[in-house]
Amino acid sequence: MVVSKAWTLRQHFQGFPKASDFHLREETLPQPKNGQVLLEAVFLSVDPYMRPYSQTMMKEGDVMIGSQVAKVIQSYNPSFPVGCHVVSDCGWRSHWVCDGAELTPVLPDWPQDIPLSLALGAIGMPGLTALYGLEEVCEIKKGETLLVNAAAGAVGSVVGQIAKIKGCRVVGCAGTDTKVSYLKELGFDQVFNYKTATSLEESLREAAPHGYDCYFENVGGKFSSVVMPQMREYGRIAVCGSISMYNDTTPQTGILSTPQTVILQHTVQHHTTDRYTVHTTDGYTVHTTDGYTVHTTDGYTVHTTDGYTVHTTDGYTVHTTDGYT
Ligand SMILES: NC(=O)C1=CN([C@@H]2O[C@H](COP(=O)(O)OP(=O)(O)OC[C@H]3O[C@@H](n4cnc5c(N)ncnc54)[C@H](OP(=O)(O)O)[C@@H]3O)[C@@H](O)[C@H]2O)C=CC1
Ligand SMILES: C/C=C/C(C)=O
């Protein structure tokens, strides 16, 4: 019989998460049966999504959601022999018994000198998010200029490196000088510390005087409002996350990327670029691909009935470029 330790959500987070929001409890696991395996955690992941998703996906007392790299320590399933490593979504727990259906094997020829933790980072979900966001959402092309924020993080650091490999000019920002030095080492073209910059707007403009073709959005909130006017025509934005808002206790207004508008989610959905331009009453410009569906700056979705008239769900008026309201 194995006793597992599990971190649970004692109470929903209010503002910034606190240690007292969590509770460590012990659970006695059943003996694995035929077809099942017993896992032992090697690395647990702590990711930004846990903050907003805990609100909707969890109830108080649940084990914290999350992925881990685990080692199989008992096996009655030939697909997962003892000693192999897997990625499991079993949350923040030290041990777990399961049938293997939700397990992803870590590559059997994983190089000895590469830490297994990277299966939760550059070679895992964050790395794939970076890749799909660049290739399928931004459809990034050689010679283009890309901006990424939270650039030294798990997603951002991979975004910048892939964009460099693809022949782009990469601008990144981060919140400490140490992170800024790291981004230079990674080969980013222009980097700055957004916390010490006198003006975010000016730093962004200096880094790319002709504007940005692609914006990999990790931060949202006020940051995105400053970036929007510096997007070039036909620019593309991968709205990956809005970490600056996850701990908000009162909703921000008048901004583009909110947790509700995160549209990059592994299977990448689609958004903006050409044809119709819609000017919102608050000065933001929204480009649609088809002239019919428009994502507004405030998280509301507006549907045009004919490509010209836009009805908002909340009573705001949206003016189209051709003068129709
Ligand atoms: N759509 C999807 O499928 C996925 C989305 N994401 C999203 O991508 C983003 C980055 O995730 P990930 O790389 O894993 O995160 P990390 O935990 O690796 O890095 C997060 C970094 O964000 C920066 N940050 C935190 N608060 C703020 C703030 N208020 N303003 C500006 N920057 C801030 C900090 O860096 P600094 O010191 O530079 O401020 C922090 O270290 C998140 O928004 C996340 O939700 C991640 C994975 C998948
Ligand atoms: C899977 C991760 C999602 C976000 C929004 O972080």
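The values are calculated or read from the model by the stated rules, or taken from the named source; none is laboratory data. The model shown is predicted, which means the values in this text are computed figures rather than measured ones. Because the Cβ atoms are built from the backbone with ideal geometry, glycine has one as well, and the counts that use them run over all protein chains shown.
Out of all the residues in the range 148-160, is one or more part of a strand (DSSP E or B), at pLDDT 95 or above and aliphatic (A, V, I, L, M)? If you could, list the steps in order and put the result at the bottom.
Of the range 148-160, the ones part of a strand (DSSP E or B) are 148.
Those still in the list that are at pLDDT 95 or above too: 148.
With the extra rule that they be aliphatic (A, V, I, L, M), the set shrinks to 148.
Scanning the range 148-160 turns up at least one residue that is part of a strand (DSSP E or B), at pLDDT 95 or above and aliphatic (A, V, I, L, M).
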| note | Quick count over the range 146-169, residues being crowded, with 22+ Cβ neighbours inside 10 Å, more than 16 Å from ligand 2 (Cβ to nearest atom) and within 15 Å of Asp213 (Cβ to Cβ), is 5
| task | Scan the range 166-179 and give yes if some residue there is touching a residue at least 60 places away in the same chain (Cβ under 8 Å) and more than 20 Å from the chain's Cα centre (by Cα), otherwise no. | result | no
| said: Return the pair list, or none, for Cβ contacts closer than 8 Å from residues in the range 116-133 that are of a type in the set (A, V, I, L, M) to residues that are within 12 Å of ligand 2 (Cβ to nearest atom) and not in a helix (DSSP H, G or I), at least 6 apart or on different chains. | reply: Leu118/Gly124; Leu120/Ser45; Leu120/Ser67; Met125/Asp47; Met125/Ser67; Met125/His266; Leu128/His266
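Quick check, is Glu136 in a helix (DSSP H, G or I) and either at negative phi or among the aromatic types (Phe, Trp, Tyr) (or both)? Walk me through how you get there before you give the answer.
On the way: in a helix (DSSP H, G or I): yes; either at negative phi or among the aromatic types (Phe, Trp, Tyr) (or both): yes.
So Glu136 fits the description; yes.
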| request: Answer yes or no as to whether Arg236 is among the charged types (D, E, K, R) and buried (at least 21 other Cβ atoms within 10 Å of the Cβ). | output: yes
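Please work out if Val82 is more than 30 Å from Val191 (Cβ to Cβ), without any contact (Cβ under 8 Å) to a residue 40 or more places away in the chain, of a type in the set (A, V, I, L, M, F, W, C) and within 16 Å of ligand 1 (Cβ to nearest atom).
Values: more than 30 Å from Val191 (Cβ to Cβ): yes; without any contact (Cβ under 8 Å) to a residue 40 or more places away in the chain: yes; of a type in the set (A, V, I, L, M, F, W, C): yes; within 16 Å of ligand 1 (Cβ to nearest atom): no.
No: the conditions fail for Val82.
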| said: Could you tell me how many of the residues in the range 189-204 are in a strand (DSSP E or B) and away from ligand 1 (no atom under 14 Å from the Cβ)? | reply: 1
| Any hit, the range 86-103, residues being within 20 Å of the chain's Cα centre (by Cα) and within 14 Å of ligand 1 (Cβ to nearest atom) | yes
| field | Extreme residue, nearest to ligand 1 (Cβ to nearest atom), among residues of the range 21-51 that are in a strand (DSSP E or B) and of a type outside the set (A, V, I, L, M, F, W, C) | value | His23
| request: Could you grab me the full set of residues in the range 235-254 that are in contact (Cβ under 8 Å) with a residue 60 or more places away in the chain, small (Gly, Ala, Ser) and near ligand 1 (Cβ under 8 Å from one of its atoms)? | output: Gly241
| request: Looking only at the range 170-207, count how many residues are over 27 Å from Thr253 (Cα atoms) and hydrophobic (A, V, I, L, M, F, W, C). | output: 7
| note | The number of residues in the range 12-65 that are in contact with a Lys or Arg (Cβ under 8 Å, 6 or more places away or on another chain) and closer than 20 Å to Gln252 by Cα is 2
| said: Testing Ala238 on (1) in a loop (DSSP other than H, G, I, E, B); (2) touching a Gly at 6+ places or on another chain (Cβ under 6 Å), one condition comes back false. Which one is that? | reply: (1)
| query | What number of residues within the range 1-28 are touching a Ser or Thr at 6+ places or on another chain (Cβ under 7 Å) and surrounded by 17 or more Cβ atoms within 10 Å (Cβ to Cβ)? | reply | 3
| request: Spot the failing condition for Ala207; the list is (1) modelled with pLDDT of 95 or more; (2) under 20 Å from the mean Cα position of the chain (by Cα); (3) more than 12 Å from ligand 1 (Cβ to nearest atom); (4) of a type outside the set (Asp, Glu), and only one is missed. | output: (2)
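Condition test on Phe216, is it of a type outside the set (Gly, Ala, Ser), buried (at least 19 other Cβ atoms within 10 Å of the Cβ) and either without any contact (Cβ under 8 Å) to a residue 12 or more places away in the chain or outside any strand (DSSP E or B) (or both)? If you could, list the steps in order and put the result at the bottom.
Details: of a type outside the set (Gly, Ala, Ser): yes; buried (at least 19 other Cβ atoms within 10 Å of the Cβ): yes; either without any contact (Cβ under 8 Å) to a residue 12 or more places away in the chain or outside any strand (DSSP E or B) (or both): no.
Here the answer is no, as Phe216 does not meet what is asked.
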